[in-house]
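Engineer: Attaching a single structure in structure tokens format; questions to follow.
The values are calculated or read from the model by the stated rules, or taken from the named source; none is laboratory data. Model, not experiment: these values are computed from the prediction. Glycine gets a Cβ as well: all are built from the backbone with ideal geometry, and neighbour counts include every protein chain shown. Accessible surface is based on the protein model in full, side chains and every heavy atom, while ligands, DNA and RNA are left aside. Shrake-Rupley method; radii C 1.70, N 1.55, O 1.52, S 1.80 Å.
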Amino acid sequence: MTTLYIVATPIGNLSDTTERAKQTLASVDAILCEDTRVTSKLLSVFGIQRTLVAYHQHSDDHDVKKIVAMLAEGKSLALVTDAGTPGISDPGGRLVEAVVRELGDSVAIVPIPGACAAIAALSVSGFPTDAFAFLGFPPHKKGRQTFFRNLVEMQGTVVFYESTHRIEKCLDELNANVPARRLVVCRELTKMHETVYRGTAAEVTERLKSTSIRGEFVVVLAPL
């Protein structure tokens with residue numbers, strides 16, 4: 001049966017690549033990737049050579065139709081993102097939706113699980129995780145203030161991503177809206193400079209300034 005594999009890749013440490021992921025990437029007809037340069041480097045580490053097809057947030061309906069046509073022709077494909085699990089705060093979900101809509105049960109959609117920054121951060125947070133809200137990235141401009149104001153009403157554990165360019169503004173917003181709630185902020189998870197900061201927004205801000213604000217961040221907000 002024709003298969004679309006959703007393959008998680010490392011968020012930093014290449015040793016987190018599973019054997020199943022390697023075997024899958026080596027076996028498919030082509031790999032759909034966010035950035036062909038990034039995926040090429042990953043594949044070269046494991047001695048894998050496969051056709052790469054770009055699929056990312058700027059891919060349009062025409063690109064999606066081409067991928068659907070490849071599957072309809074019987075080609076097996078793997079979808080990867082630059083880091084982590086495709087479809088999680090990632091345009092992979094749109095592709096899966098299109099494949100289900102256009103091809104239905106004629107294509108198997110198979111998850112190849114692995115690294116996910118949100119889950120990794122939750123696992124070390126010490127906060128309740130029997131239920132939590134994942135919010136992806138806060139809006140860059142329109143709706144950003146509303147995003148942080150809404151956190152006041154969210155009583156459970158909340159996790160979201162933030163970039164190095166906005167982490168200080170993010171902490172400022174958290175300090176303005178939820179100053180007393182505890183946070184865990186994870187920087188550069190699984191990488192050489194991995195750091196976990198704990199405290200209120202004001203406390204984390206001071207600790208970040210004394211170390212580094214460079215990197216990718218996951219923010220976990222404690223429940224009320």
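Engineer: To the nearest 20 debye, what charge dipole does the chain have about its Cα centre, counting +1 at the Cβ of each Lys and Arg and -1 at the Cβ of each Asp and Glu?
Structural biologist: On the way: 24 positive and 25 negative charges, 94 e Å.
Here the size comes out at about 460 debye.
Engineer: With a 1.4 Å probe and all protein chains in place, put K75, K141, K66, K22 in order of accessible area, largest first. Walk me through the numbers on the way to the answer.
Structural biologist: Details: K75 85, K141 175, K66 115, K22 50 Å².
Largest accessible area first, the residues go K141, K66, K75, K22.
Engineer: Do the alpha carbons of any pairs in K65/K142; K169/K191; K142/K191; K41/K75; K169/K209 sit beyond 20 Å of each other, and which pairs?
Structural biologist: K65/K142; K169/K191; K142/K191; K41/K75
Engineer: Same structure, new question: In the neighborhood of Q23, defined by Cβ-to-Cβ distances under 15 Å, what is the net charge if each Lys or Arg adds +1 and each Asp or Glu adds -1?
Structural biologist: On the way: positive: R20, K22, R50; negative: E19, D29.
Around Q23, the charge tally is +1.
Engineer: In addition: With unit charges on the beta carbons (Lys and Arg positive, Asp and Glu negative) and the dipole taken about the Cα centre of the range 126-214, which residue among P138, H165, P128 sits farthest to the positive side?
Structural biologist: Farthest towards the positive pole: H165.
Engineer: By how many nm would the segment from V96 to D82 lengthen if fully extended, with 0.36 nm per residue of separation less the alpha-carbon distance?
Structural biologist: Values: separation 14, 0.36 × 14 = 5.04 nm, distance 1.74 nm.
Computed gain between V96 and D82 is 3.3 nm.
Engineer: Further question on the same structure: Which order do the peptides 81-89, 201-209 take when ranked by the mean count of other beta-carbon atoms within 10 Å per residue, highest first?
Structural biologist: Values: 81-89: 21.2, 201-209: 16.7.
Those peptides, ordered most packed to least, come out 81-89, 201-209.
Engineer: Here is a follow-up. Considering only protein heavy atoms, what is the solvent-accessible area of S15 at a probe of 1.4 Å, reported in Å² to the nearest 10?
Structural biologist: 100
Engineer: Keeping all protein chains in place and using 1.4 angstrom, which order do I67, I119 fall into by accessible surface area, from largest down? All intermediate terms of the calculation are to be shown ahead of the outcome.
Structural biologist: On the way: I67 5, I119 90 Å².
So the residues, ranked largest to smallest area, are I119, I67.
Engineer: With r defined as the distance between the Cβ atoms of F134 and E73 and R0 fixed at 45 Å, what FRET efficiency is calculated, to the nearest 0.05?
Structural biologist: Details: r = 35 Å, r/R0 = 0.78.
Efficiency, from the Cβ-Cβ distance: 0.80.
Engineer: Let me ask something else about it. Stretch I109-L224 to full length: gain in nm at 0.36 nm per residue minus the Cα-Cα span? Could you put the intermediate results ahead of the total?
Structural biologist: Working: separation 115, 0.36 × 115 = 41.40 nm, distance 3.79 nm.
My answer for the length gained is 37.6 nm.
Engineer: Quick check on the range 125-200: take the gyration tensor over C-alpha atoms, sort the square-rooted eigenvalues as a ≥ b ≥ c, and tell me if it's rounded (a/c under 1.5), prolate or oblate.
Structural biologist: Working: a/c = 1.57, a/b = 1.15, b/c = 1.36.
Oblate shape, in that a/c is at least 1.5 and b/c is the bigger or equal ratio.
Engineer: How would the range 31-100 be classified by its alpha-carbon gyration tensor: rounded, prolate or oblate, with rounded meaning a/c under 1.5 and the a/b versus b/c comparison settling the rest? List each step's numbers first, then the result.
Structural biologist: Working: a/c = 1.97, a/b = 1.34, b/c = 1.47.
Cα axes put the range 31-100 in the oblate bin.
Engineer: Arrange the residues R20, R94, R37 by how much accessible surface each exposes, largest first, with a 1.4 angstrom probe. Present the calculation step by step, with values, prior to reporting the outcome.
Structural biologist: Numbers: R20 120, R94 85, R37 170 Å².
Heavy-atom accessible area, descending, gives R37, R20, R94.
Engineer: By how many nm would the segment from T164 to Q145 lengthen if fully extended, with 0.36 nm per residue of separation less the alpha-carbon distance? Please report the intermediate quantities before stating the final value.
Structural biologist: On the way: separation 19, 0.36 × 19 = 6.84 nm, distance 1.82 nm.
Length difference between fully extended and current span is 5.0 nm.
Engineer: For D60 paired with H193, estimate the spin-label separation in nm (one decimal), with each label point 7 Å from Cα along the Cα-to-Cβ line.
Structural biologist: Taking the simple label geometry, D60 and H193 are separated by 3.8 nm.
Engineer: Taking amide hydrogens as modeled 1.01 Å from N in the peptide plane, which residues meet the under 5 Å criterion relative to I109, leaving out close sequence neighbours?
Structural biologist: Here the answer is L4, since their amide H atoms fall under 5 Å of that of I109.
Engineer: Still on this model: Which percent of the accessible area of the range 173-224 is formed by carbon and sulfur heavy atoms (probe 1.4 angstrom)?
Structural biologist: On the way: 1340 of 2640 Å².
Carbon and sulfur together cover 51 percent of it.
Engineer: Now for a different question. Work through the residues other than F148 whose Cβ is under 15 Å from its Cβ and net out their charges, Lys, Arg +1 and Asp, Glu -1.
Structural biologist: Values: positive: K141, K142, R144, R149, R166, K169, R181; negative: E153, E162, E168, D172, E173.
Local charge sum for F148: +2.
Engineer: A further question follows. Where does the charge balance sit around L95 when Lys and Arg score +1, Asp and Glu -1, over other residues with C-beta under 13 Å from its C-beta?
Structural biologist: On the way: positive: K65, K66, R94, R101; negative: E34, D60, D61, D63, D90, E97, E102.
Summing Lys and Arg as +1 and Asp and Glu as -1 gives -3.
Engineer: Starting from the Cα of K22, draw a straight line to each of the aspartates and glutamates and keep only those under 20 Å, dropping any in the same chain fewer than 8 residues away.
Structural biologist: E34, D35, D82
Engineer: Additional query: Tell me which residues come under 5 Å, amide H to amide H, from G114 once H is placed; ignore anything under 5 positions away on its chain.
Structural biologist: Here the answer is A8, since their amide H atoms fall under 5 Å of that of G114.
Engineer: To the nearest 20 debye, what is the magnitude of the charge dipole of the range 137-188 about its Cα centre, counting +1 on the Cβ of each Lys and Arg and -1 on the Cβ of each Asp and Glu? Kindly include the intermediate steps, with their values, before the conclusion.
Structural biologist: Numbers: 9 positive and 6 negative charges, 29 e Å.
Charge dipole, the range 137-188, about its Cα centre: 140 debye, nearest 20.
Engineer: Treat the chain as a sphere of radius equal to its Kirkwood radius over Cα pairs and apply Stokes-Einstein at 4 °C in a medium of 1.567 mPa s; give the translational diffusion coefficient in µm²/s, rounded to a whole number.
Structural biologist: Values: Rh = 18.8 Å.
Roughly 69 µm²/s, to the nearest whole number.
Engineer: Does anyone have the angle between helix 92-103 and the longest principal axis of the chain? Alpha-carbon axes, 0 to 90°, nearest 10?
Structural biologist: That helix lies at roughly 40 degrees to the long axis.
Engineer: Oh, and also: Just the number please: accessible area per residue for the range 84-224, 1.4 Å probe, all protein chains included, in Å².
Structural biologist: Details: 7370 Å² over 141 residues.
About 52 Å² of surface per residue is accessible.
Engineer: Let me ask something else. For the pair K209/S40, report the inter-label distance in nm, with labels modelled 7 Å from Cα in the Cβ direction.
Structural biologist: Taking the simple label geometry, K209 and S40 are separated by 4.3 nm.
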